[in-house]
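Colleague: Here it is, the structure in full.
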Amino acid sequence: MDRASFEFLYLHAHAIADLSFLRGMAAALASPVPDLTPEQFAANAAAAEQAMNVTEAEFDWSAFEGVPGFDAAAGTGLDTGEAVTADVGPTFGEALEQAGATLDGDGPPELEPYLVHLHAARELLQPRIGVCHEMAGPELDAVLLDLPPDLAPLNRALSAAEFLPWLEAYEQQHDGVSTVVAMVRELDSV
């Protein structure tokens, strides 16, 4: 994939994950709190207490299997290897912030202003995108073939109206979209 196409794919994959998380959190916070019986409340409190006081020996490290930077073997914790992209400029979130995006308001940001900030952050992310582009292999191109063909290409500039169906497909756990987002974001954590 050429560099310009990869830049847009990188931006959109990160934006899809970012916005999906923010929209999910807003929906969770807007949901009514269920009324719990005293028994349910006590059971939840006991489970929370147990989770907060787990020892390293009791922790289920397999939960981190496949997560870059973690070793699934119990007791090893964080991998001490340096990420390739660690010192190549701001992270995606930092670049968005530097470009003027404010993501700490009530609920997720409006899509159109978010995309304006996203494209403004593109210049700040050039070094990081370059490193990720060099690491991207042909398997990423192959996975792009599993994307919905009726949507605007994810590897070019998108309007809010073109971007929204991608975000919705990701939130509906479309296999191809989820895989592409995960693969692109994983390049940032190698």
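Colleague: Between L151 and R122, 0.36 nm times their residue separation minus their Cα-Cα distance comes to what? Display every interim value, and only then the final one.
Modeller: Working: separation 29, 0.36 × 29 = 10.44 nm, distance 2.22 nm.
That pair, L151 and R122, stretches by 8.2 nm at full extension.
Colleague: At R0 = 45 Å, how high is the FRET efficiency between L164 and D60 if r is their beta carbon distance? Nearest 0.05 is fine. Write down the numbers at each step before the final one.
Modeller: On the way: r = 37 Å, r/R0 = 0.83.
That gives a FRET efficiency of 0.75.
Colleague: Right, here's the next one. If you filter the stretch 86-152 for GluC sites (Glu not before Pro), then keep DSSP loop positions with at most 13 other Cβ within 10 Å, what is left?
Modeller: Values: sites: E94, E97, E110, E123, E134, E139; in loops: E110.
Of the GluC sites (Glu not before Pro), the ones in loops of the stretch 86-152 whose Cβ has at most 13 other Cβ atoms within 10 Å are E110.
Colleague: Follow-up. Roughly how many percent of the accessible protein surface of the stretch 89-190 is carbon and sulfur, given a 1.4 Å probe and a whole-percent answer?
Modeller: Details: 2840 of 5490 Å².
That fraction is 52 percent.
Colleague: Between R3 and E171, what is the spin-label point distance in nm, taking each point 7 Å from the Cα along the Cα→C-beta axis?
Modeller: 3.5
The values are calculated or read from the model by the stated rules, or taken from the named source; none is laboratory data. Computed from a predicted structure; not experimentally measured. Here the Cβ is made from the backbone with ideal geometry for all residues, glycine too, and neighbour counts use every protein chain on show. Side chains included, ligands, DNA and RNA excluded: accessible areas come from the protein's heavy atoms. Shrake-Rupley method; radii C 1.70, N 1.55, O 1.52, S 1.80 Å.
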